Amino acid sequence: MKQDVVVVGGGLSGFTAALMCAEQGAAVTLIFAGAGTLPLSGGVIDVLGFDGQKREVQNPAAALSALPSKHPYRKMGVESLQGAIDWFKDFAARYGHPYEGELTTQIPVATAAGTIKPTCLAPRSLNGSPLVAAKRIVVVGIVGLKDFYERLVAAALPKIFADKEITAVTVDLHIGGKRDMTMLDVARRLDEPKTQEAFVNALKPYVANETAFVTGQILGMNSVTAVDTEERLGAPIRETTGLPPAVNGLRLAKIYERAIIDAKINTVRGAKVIAAKRDGRRIVSVTAKAAARENEYFADAFILATGGFYGGGIVMERFNEPYEPIFNLPVDFIAETDDDLPTDIFAGVPQKFALTGLMTDEHLRSIDGAGKLVAENLFVVGKNLSGYDYCFEHSGNGVALASAYKASHECLCLK
Amino acid sequence: MEKTDVLIVGGGVTGVGILRDLSMRGVPTLLIEKADLMNGASSRYHGLLHSGGRYAVKDRAAARECIEENKILRRIGAACVEPTEGLFVRLDVDDDAYEEQWIVGCQKSGIPFKEITPDEARTLEPRLTDKIVSAYVVPDASIDGFRCAWQNIDSAKRYGGRAKTYTELVDVLQTGGEVTGARIKNVLTGAEEFVDCKIIVNAAGAWAGKIAAKAGLNVGVQPDKGSLIVFNSRLVTHIVNRLHKSSDGDIFVPCGSVTILGTTSVAVDDPEDTRVTRAEVERLLTIGEKMLVNLREYRILRAFAGSRPLYLPTGGEKGRSASRGFAIIDHAAEGLAGMLTIVGGKFTTYRLMAEKMSDKVCEILGVTVPCRTATEPLTEDVSSDAKHRARKYFPAYGVERAAERLGKERFQKVTELLQRDDNSRKLLCECENVTRAEIAVVAAEDTIHSLGDLRRRTRIGMGTCQGNFCTLRNAALFAEIGKGDPLVEMRKNIRERFKGVHPVLIGKTLREAEMTRAIYELAFNIADEN
């Protein structure tokens, strides 16, 4: 059965593109093999945290025009980004996991290393603004929880908040027996009213005027738990970004899962797209390999959302020979020689290897080095795109949303 | 002012071996090392305890020394040695005449070997190529260099020996053609002090020429860089050597949870030059994949390099052809009595080298106590009773590994901590099965100054995650016991780990590097030092 659109890839950009196409009335098939980076990233929407010199960006919308011309934001324009942000906030709110923030400002997010990072959109539980405003900060750890270290955070935060009183407390919720607990374990337990009550009661003695609490991503898998906990406590309690698994990334993944079912998107899980057929400059179908068999999927338009090196959308088995494994699209990258290796992981400038990806025209269609269109009905989104280092500039989820927005509109224009 | 009889310069395996030997003979001895122990070739190599097969054709004397010392180290250093056994395999393209010479060489050097069929070899090592035409089993083994060094130090301490890491030699003090002492400097604090001593032993390996120069002497040492790559799992369970004239990239060593492939051989000016180039990595892979099929599909963890201290007597051979034997130089002949240098050699024969040097020192000092290092074990084994009791608290599979890493006394301490404090039972390193208790006990020791020091002692961060998860955990523990600023330590550790990653940024390694950056630059935002 021929679809209007086939989306390949199950990360933030693939899910978003599939949903946006479906909302515009298209018949969509979404095929993916992995989980994307949501469990890794914390599910905050970074649009542009830092510029090319690693200076913090105050107003992402205003900073776009200063980006290099190869940057995906320059191709998509601020309208796509604004459209994507509006769509996302509406979508997240509709599914009960609302996000705060605007494209013209940054939200401070506390991290589990005791630093603050800028982001554009965050759910209330990760919005660190009350920490900035408070006079006293209480860092909350849980007995048995691994990977959130309240004393480390309390030791590091004074570097940013020299004038605040910062203390660490460790709460024993008597959960988990004596085994190691991840944030996910604790979050699931805090969804239970009894455990939540014990948690709130343990923190009550520390509530005072102008006090805010900060902890790991543990405030429930259900989005309401965090808000409810804060209300019961009577003081702000906010989460931090840190080591995977990122609970808020999983919360976000969960609402996307619900949404693609609601949108009646034909979803093919656990299937890896391995090949494509074309007719001249048109892609006709893709072939996906699942455990039992290979299937061919036909559509008028295709959206490629398989990620960069991390997601496997771009592969480099030999030095300086990156390739795109499904359509064999031309890859844009900067060759590195032995005299020019990236010896410092925190180099103060974007890493060249991280800029690797696919070149596109202003419609997000793949082009080659000479600017020639490779396929007229294939659109590229997310970390498949070249020209940006999302770890350096903190822009991954912003590019994912904006490119999904742009591609979904462009591919439906083909009809 | 420090006072000792002997000052050893260099905390590689030779230096610590001499420290232990002299201490056991009752000679007051102090060792200084400018970095952490085993900073040079002692750790930057395969981790191979040679059977001698590698040298059977070229250098039978060295081969004989290897097999003798191999037997001794298995006895005295059981917790450091993994008796994997080794295979020598000849491929169809390799010279068959070399195989015949090798057999004769093994026989004459006393190296036991057993011929097996190519099919049997592939049963033992299923990843081996089908291009094998002959195969032999020899008593090669793998050895943990860091552990071996610290067990030598611990043993020496029991006999009154002392060691100072992060301490360098500034100057050799001499009067009337005799060594009277040295000026040394703590490189962490910058504090200098004098050492009153009768003898200085220069055991600085590839740095031996530089140390000799501080006394105005000349020692011909050619630093010879060897690069190696580490795969993230045990691709082989035996040491796998190629049976041909020794060359680059022809040995695989399974070591702990990883496999090491090496080496290259490049003469360098400066032993501090430990850069690995992509050209070297490509060369190692190209040669390595002739022995193990589909080699490029496996994830590379990192690459590293170290400099062999090849001794160059005037007019001698260079590079791989240079002798792997060792030399002891008494500089009295050049007008400075009390100054001795040891150069050349290889890890496998370190104990023998230490014995010969210690004999020389004792001869000068008039000490007649004989060497006992060949018979007395480095450390007392953890009893099976103690391990049995500890199983209640350790994570699954963790007990045996921890017992080997820790030795009797520390194992006892760690078990007690696990017993009394639930929090210390957290597994901080899932790759190498290391508990918080073990990290806490070792981190508290005064020789631990950085997460790097901690890694070399506990293997935390050496496994598959390469520090992605444990860097935060260790930095937190460091902060809790008041050792260092957690952000500084994290940044330093992630940077240090990346040094080994950038030469191998291909395939799955690239993916892992993205994850490291996503965690530390994106989620933790620690890239910016301001």
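What follows draws every value from the coordinates through simple rules; no lab data is involved. Everything quoted here is computed from the prediction, not taken from an experiment. Virtual Cβ from ideal backbone geometry, glycine too; neighbours counted across all protein chains shown.
Before moving on, here are some points about what is shown:
- Across peptide A:26-37, the mean count of Cβ atoms from other chains lying within 10 Å of each residue's own Cβ comes to 0.
- For A:Ile303, the residues whose modelled amide H falls within less than 5 Å of its own, excluding neighbours fewer than 5 places apart on the same chain, are A:Val6, A:Val7, A:Val8, A:Phe379.
- Here the contact order of chain A, divided by its residue count and restricted to Cα pairs under 8 Å and six or more residues apart, works out to 24 percent.
- Within the straight-line cut-off of under 17 Å between alpha carbons, the lysines reachable from A:Lys75 are A:Lys372, A:Lys383, A:Lys406, sequence neighbours fewer than 8 places apart in one chain being disregarded.
- Tail weight of P(r) past 23 Å, computed on alpha-carbon pairs of region A:31-124, percent: 30
- Chain B: C-alpha gyration tensor shape, a/c 1.5 cut-off, then a/b vs b/c: rounded
- Tensor-based shape of chain A (alpha-carbon gyration tensor, a/c under 1.5 rounded, otherwise prolate or oblate): prolate
- Relative contact order for chain B, counting Cα pairs under 8 Å that sit 6 or more residues apart, in percent: 16
- In region A:121-190, the convex hull through the Cα atoms has an average projected area of 5.4 nm², a quarter of its surface area.
- Footprinting exposure proxy for B:Ser257, B:Ser424 (fewest neighbouring C-beta atoms within 10 Å first): B:Ser257, B:Ser424
- Extending 7 Å from the Cα toward the beta-carbon at both A:Glu197 and A:Lys264 defines two label points whose distance is 4.5 nm.
- Averaging the sequence gap over all C-alpha pairs within less than 8 Å and six or more residues apart, then dividing by the number of residues, gives region A:309-402 a relative contact order of 22 percent.
- Taken residue by residue and averaged, Cβ atoms of other chains lying within 10 Å of the Cβ of A:142-155 number 4.
- The alpha-carbon atoms of region B:69-111 define a convex hull whose volume equals 76 cubic angstrom per residue.
- Global form of the protein assembly as shown, assessed from the alpha-carbon gyration tensor, a/c cut-off 1.5: prolate
- Note that region A:300-311 has calculated 3J(HN,Hα) couplings of 6, 9, 10, 10, 9, 9, 8, x, x, 5, 5, x Hz, one per residue in order, obtained from phi through the Karplus relation 6.51 cos²θ - 1.76 cosθ + 1.60 (θ = phi - 60°); glycine and proline are x.
- When only alpha carbons of region A:112-250 are considered, Rg and Dmax amount to 13.6, 39 Å.
- In summary, the aspartates and glutamates within cross-link reach of A:Lys2, defined as a Cα separation below 20 angstrom excluding same-chain residues under 8 places away, comprise A:Glu23, A:Asp279, A:Glu294, A:Glu296, A:Asp300, A:Glu376, A:Glu410.
- Here the Karplus curve 6.51 cos²θ - 1.76 cosθ + 1.60, taken at θ = phi - 60°, turns the phi angles of region B:486-495 into couplings of x, 5, 4, 5, 5, 4, 4, 5, 5, 4 Hz, with x standing for Gly and Pro.
- Residues whose placed amide H lies under 5 Å from that of A:Ala276, excluding near-sequence neighbours: A:Thr287
- Computed [θ] at 222 nm, deg cm²/dmol, the protein assembly as shown (DSSP H ≥ 4; -39,500 (n - 2.57); rounded to nearest 500): -10000 deg cm²/dmol
- With a simple spin-label model that places each label point 7 Å from the Cα along the Cα-to-Cβ direction, the separation between B:Thr368 and B:Ser383 comes to 3.9 nm.
- Under 5 Å, built H, 5+ apart or other chain: amide partners of A:Ile166: A:Ile137
- Two-site FRET efficiency, B:Glu409 against A:His174, from Cβ-Cβ distance with R₀ of 35 Å, rounded to 0.05: 0.50
- Spin-label pair A:Val349-A:Gln24: with each label point 7 Å from Cα along the Cα-Cβ axis, the two points sit 3.8 nm from one another.
- Residues of region B:250-294 falling in the label zone of B:Ala213, defined by backbone nitrogen less than 11 Å from a point 7 Å along Cα to beta-carbon, are B:270-271.
- Shielding by partners for peptide A:232-243, expressed as the average number of C-beta atoms from other protein chains within 10 Å of each residue's C-beta, is 2.
- ³J(HN,Hα) computed for each position of region B:89-104 - Karplus, 6.51 cos²θ - 1.76 cosθ + 1.60, integer Hz, glycine/proline x: 10, 9, 8, 4, 7, 7, 5, 6, 5, 5, 4, 5, 4, 5, 4, 4
- In terms of Cα atoms, the Rg and Dmax of region B:393-530 work out to 15.2, 45 Å.
- Taking 37 °C and 0.692 mPa s as conditions, region A:152-208 diffuses translationally at an estimated 245 µm²/s according to Stokes-Einstein applied to its Kirkwood radius (Cα pairs).
- Positive minus negative residues near A:Phe392 (Lys, Arg vs Asp, Glu; Cβ under 9 Å): -1
- Using a Förster distance of 41 Å, the FRET efficiency for A:Asp163-B:Val170 (Cβ separation, nearest 0.05): 0.35
- Summing charges over all other residues whose Cβ lies under 14 Å from the Cβ of B:Ala97, with Lys and Arg as +1 and Asp and Glu as -1, gives -3.
- Subset of B:Lys34/B:Lys492; A:Lys135/A:Lys204; B:Lys198/B:Lys346; A:Lys352/B:Lys483 violating a 25 Å alpha-carbon distance limit: B:Lys198/B:Lys346; A:Lys352/B:Lys483
- Each other residue within a Cβ distance under 13 Å of A:Lys406 adds +1 if Lys or Arg and -1 if Asp or Glu, for a net charge of -1.
- All aspartates and glutamates inside 13 Å of B:Lys413 as judged from Cα atoms, apart from same-chain residues fewer than 8 positions distant: B:Asp421, B:Glu438, B:Glu445
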